[in-house]
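Right, one structure below, let's go through it.
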Amino acid sequence: MATRQIAGQQVSAMGIGAMSFAEFYGPTTEENSWAILDAALELGISHIDTSNVYGMGRSENAIGAYLKRNPAARDIFHIATKAAISRDAEGHRCFDNSREHLESELDQSLARMGLEAVDLFYVHRREGTRPIEEVTETLVALQAKGKIKAFGFSEIAPSSLRRAAAVAPVAAVQSEYSLSTRMPELGLVQECARQGAALVAFSPLGRSLLTDAPIGAAERKTLGFMKTNPRFTSPNYEANIAATDRFRALAAEMGEPAAALAIAWLLAQGDHVIPIPGTRSVAHFRESVRGTELGLSAEDLARIETVLPVGWAHGDRYSVDQSVGPERYC
């Protein structure tokens, strides 16, 4: 397995997004999540990405139970988690970047996973009124306490990354990045490279649109996130399926799974880019891993760009409500 760096530590060029361990994209079991982790060990995938809010601890619990059953895996897995998404007194979603909240949530995450320290800890969403310099100092303090080995931010703007990095080195920035969501190319890909930060790309398969088995018309209506996501509501959904049919046809012509081609394209965007697809299927997981083995030529990349040119997707990546939190910078 090819490797890339996060804070000077070698990790697999592709990781696992463990939101799928918490039924975000449909029903699953702890045993099914363990099967994905078994396959990860077999295939050399070491980076595991989770969060305290994935299933309100369910994803972390599954990882912790797996590590308890397979203690040697802790020396192999590079584990990242996040905190900062909370609820206010009225039960509304909010963001809390205070030292008290982040450390308290981190402590609970460590307990769920049976860890003394997490390899990478992200601020899941910025709290708009709190200076990022203050938040970075909090993360430095957690690092000094030995509870985290490195830190990063999720869904921040290049300008915010520069401000945080002026306080202390930022190991990684997590952002949605794929052939269907290319906003990071307007500054974030470049700023991460300048700062020596990994760009950890979530939803690298376009929430299934860039695979051979996109979420079906009936299934999307049963999933909370998809019900209101602009790319999965009509008429955008039908237009996006038609558009990505061209990509699936190209992948078939090249003799590769569509997911593999999507992962390989992302890896070609920079040596610091690390995709983290999530799945409940070991077979689909293997298709994604295949992407780490493909060396795309300039001609291959041009053919991909021809069938899915910048701006092909219909609908925004988030609804109005889903857009609260991520920083917009272009």
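What follows is calculated from the coordinates using simple rules that are stated; it is not laboratory data. What you are looking at is a predicted structure, and each value in this text was computed from that prediction instead of being measured. Cβ atoms come from the backbone with ideal geometry, glycine included; neighbour counts cover every protein chain shown.
So if each residue of separation counts as 0.36 nm, and I subtract the Cα-Cα distance between Met1 and Glu90, what length gain in nm does that give?
Gain on extension, Met1 to Glu90, equals 27.3 nm.
When Lys and Arg each count +1 and Asp and Glu each count -1, what net charge do the other residues less than 11 Å away from Gly114, Cβ to Cβ, add up to?
+2
For Met14, Met113, Met1, Met19, which order do you get if you count the other beta carbons within 10 Å of each Cβ and list the fewest first?
Ordered by Cβ neighbours within 10 Å, fewest first: Met1, Met19, Met113, Met14.
In which sequence would Leu102, Leu115 go, from the one with the fewest C-beta neighbours within 10 Å to the one with the most?
Going from sparsest to densest Cβ surroundings: Leu115, Leu102.
Let me know the longest stretch in the chain that avoids all GluC sites (Glu not before Pro) found in a DSSP loop with at most 13 other C-beta atoms within 10 Å.
In the chain, the maximal stretch lacking such sites is 117-330.
Can you compute the radius of gyration and Dmax for segment 285-330, using only the Cα atoms, both in Å?
For segment 285-330, the Cα radius of gyration and maximum Cα-Cα distance read 15.8, 40 Å.
Given springs between every Cα pair under 10 Å in a Gaussian network model of the chain, which of Leu267, Leu209, Leu301 has the largest fluctuation?
Result: Leu301 has the largest fluctuation of those listed.
At what distance in nm do the modelled label points of Ser281 and Arg303 sit from each other, each positioned 7 Å from its Cα along Cα→Cβ?
Between Ser281 and Arg303, the label points sit 2.3 nm apart.
What do the square roots of 5 times the Cα gyration tensor eigenvalues come to for segment 1-57, in whole Å, largest first, as semi-axes of the equivalent ellipsoid?
23, 14, 7
Once the Cα atoms of helix 58-69 and of the chain are each reduced to a long axis, what angle between those two axes, in degrees from 0 to 90 to the nearest 10, is obtained?
80 degrees
What's the local net charge at Ala268, with K and R +1, D and E -1, over the other residues with C-beta under 15 Å away?
Once all neighbours under 15 Å are counted, the net charge is -3.
Using just the alpha carbons, could you tell me how many Å³ per residue the convex hull of the chain encloses?
126 Å³
Please check: in the Gaussian network model of the chain (C-alpha springs, under 10 Å), which one of Ala258, Ala217, Ala89 has the largest mean-square fluctuation.
Taking springs between Cα atoms under 10 Å, the residue moving most is Ala89.
At most 14 other C-beta atoms within 10 Å and a DSSP loop state: those are the exposed trypsin sites (Lys or Arg not before Pro) I care about. Give me the longest piece of the chain that has none.
It runs 146-327.
Can you tell which of Thr233, Thr244, Thr181 shows the greatest fluctuation in a Gaussian network model of the chain with Cα springs below 10 Å?
Top of the fluctuation ranking is Thr233.
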